[in-house]
């Protein structure tokens, strides 16, 4: 299990690594004004241009809970004040759970990861943690604390890795899409409200059966979107004129031809039994409307599967595709 980075000096080191990794890949845009619901502030903004990630780092030691201020958004060079999409702030003197960001360390390797608990602000009805987690389908992993408690969070990426900037950018895009969906009213439906209620019930139940995440799975968790992107690019490259390659909040990737679903892909970053049970259920559920001819593909990391699950997957006519994550400071996903 990952463990929360709790000592102030350790958090400062992790913060320095994070800032160094991010600013090495973005260009300074000079001091810019940054607006938020309660006011604004001037900070040096880093970005590679309009329409891409911007970030700014600062301190908020005068806040009720002192913190390191890490703001991210989509850069617009024409705006006087940049708009924050998400803050991943780190409490400096405490380890308060009311601040959404934190660092977590793998005790076996010493690698430190940036985490966010999914608490999305914005001051609008419908913008909140449960709605975001239910809508985005992000996986929460458990992080141990020295007092024996457990905190849950979304793993963004390792703070010293060459790809932490792209990991943050992917998260910013997800949060932005969620806020856009809230603004448009797309979440104001009975179906979405039921899903949020089911998510809350699931989390309540899960707190009673906490388990750690195996180290072999940790590095894969934040790469779900990369695998989906690779699959999409690959499938787009061989689609016919009649085919559309699509996804939805509930489906990682699917192909539609003539208005009918023909292929369905479900990506999991773990080969644990629970992940496989969930994936099989999703494939069966979401392929039902397309009938027996929908080609179903389960996309999972390398590794041995239990014999009974291998038999079940084959009996359900589900194909299995594997992917691999390279090691080192610049990890890379490859489809096999």
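Details
- Within the range 188-202, the only residue that satisfies the criterion of being in contact (Cβ under 8 Å) with a residue 60 or more places away in the chain and over 12 Å from residue 130 (Cα atoms) is 188.
- Subset tally (residues that are assigned to a loop (DSSP other than H, G, I, E, B), crowded, with 18+ Cβ neighbours inside 10 Å and free of Cβ contacts under 8 Å to residues at least 60 places away in the same chain) for the range 86-126: 7
- Number of positions in the range 228-246 that are outside any loop (DSSP other than H, G, I, E, B) and free of Cβ contacts under 8 Å to residues at least 12 places away in the same chain: 4
- Among the residues of the range 294-302, none qualifies, meaning not one is in contact with a helix residue (DSSP H, G or I) (Cβ under 8 Å, 6 or more places away or on another chain) and more than 26 Å from residue 135 (Cβ to Cβ).
- Single residue of 210, 194 found to be surrounded by 11 or more Cβ atoms within 10 Å (Cβ to Cβ), at pLDDT 80 or above, more than 16 Å from the chain's Cα centre (by Cα) and not assigned by TED's automatic domain parsing to the domain that holds residue 264: 194
- Among the residues making up the range 262-275, those that are over 22 Å from residue 178 (Cβ atoms) and modelled with pLDDT under 95 are 270, 271, 272, 273, 274, 275.
- Residue tally, condition surrounded by fewer than 22 Cβ atoms within 10 Å (Cβ to Cβ) and touching a residue at least 40 places away in the same chain (Cβ under 8 Å), over the range 127-139: 5
The values are calculated or read from the model by the stated rules, or taken from the named source; none is laboratory data. Please read these numbers as outputs of a predicted model, since none were measured by experiment. Cβ sites come from the backbone with ideal geometry, for glycine too, and all protein chains shown count toward neighbours.
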